[in-house]
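Take a look at the structure below.
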Amino acid sequence: MAAARLLIRGAVRGVTQGRRLYSSQGAEGSSPPEKEAKKFPKIYTKTGDKGFSSTYTGERRPKDNLVFEALGTTDELTSAIGLAREFCLDANLQCVSELEKIQCMLQDIGANIATPLSSARESHKVKTSFNEEPIKELEQWIDKYTAQLPPLSSFILPSGGKASASLHVARAVCRRAERVTFKLLQTGEADSDVGKYLNRLSDYLFTLARYAAKSEGRTETIYTRMYP
């Protein structure tokens, strides 16, 4: 669960710093701060060797617990989006910064998932809460790309070039992350807006996949029934 631990650490750090999406640059002409010797923690802790891992609230739960299942699937999602982002970068598509921002938002979602509300103190909730503002932003992006696409009249298969196909893969992983996280939402262990964001994100990735195909002049493959 090394990736999940890093996801929790990075997400909580990002939230406590005010969700800064990009590193700040020093003022022009200013001298760089003195470097201090840092002791970096080892990637392995051995604390999970017996099949248990820790939530942000300090609980020890089995690694097959829904919290870690949702965390792991969210980690897969941000990795899939990272790959798609690289293909979009190669294709010089305008969505690259949006995908990077989404990856940062998924870190915030990871922080919320890693903080089960049943054991969270108020200080935990303040640091890891998730609201509806990112959902509205996704909807604006969806509307923007939809306006540039022809109406969808048939089922399409994941296709349309590397950028488009990789976005379809990310969409499928997003749907799985949504299904797993929904189980947590049913038990009241995560903020409801987390589920709404993942739902809207899959719509965004689908729309963006179609936009990527159109932008690259690629043809989307239409579903055809093979046998009567």
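The values are calculated or read from the model by the stated rules, or taken from the named source; none is laboratory data. Quick caveat: nothing in here was measured; it's all calculated off a predicted structure. Virtual Cβ from ideal backbone geometry, glycine too; neighbours counted across all protein chains shown. Side chains are part of the model used for accessible areas, which takes the heavy atoms of the whole protein and leaves out ligands, DNA and RNA. Shrake-Rupley method; radii C 1.70, N 1.55, O 1.52, S 1.80 Å.
For the reader, a short list of remarks on this structure follows.
- In nm, spacing of pseudo-spin labels at Ile222 and Ala172 (7 Å Cα→C-beta vector): 2.3 nm
- Placing +1 on each Lys and Arg Cβ and -1 on each Asp and Glu Cβ, with no other charges, gives segment 62-123 a dipole about its Cα centre of roughly 140 debye.
- Segment 143-228 shape via C-alpha gyration tensor axes, a/c threshold 1.5: prolate
- Sorting 130-140, 103-113, 147-157, 168-178 by their mean Cβ neighbour count within 10 Å, with the most densely packed peptide first, gives 103-113, 168-178, 130-140, 147-157.
- Heavy-atom accessible surface of segment 172-228, averaged per residue, reaches 55 Å², computed with a 1.4 Å probe.
- You can think of it this way: the chain between Arg179 and Thr45 has 45.2 nm of extra reach, that is 0.36 nm per residue less the Cα-Cα gap.
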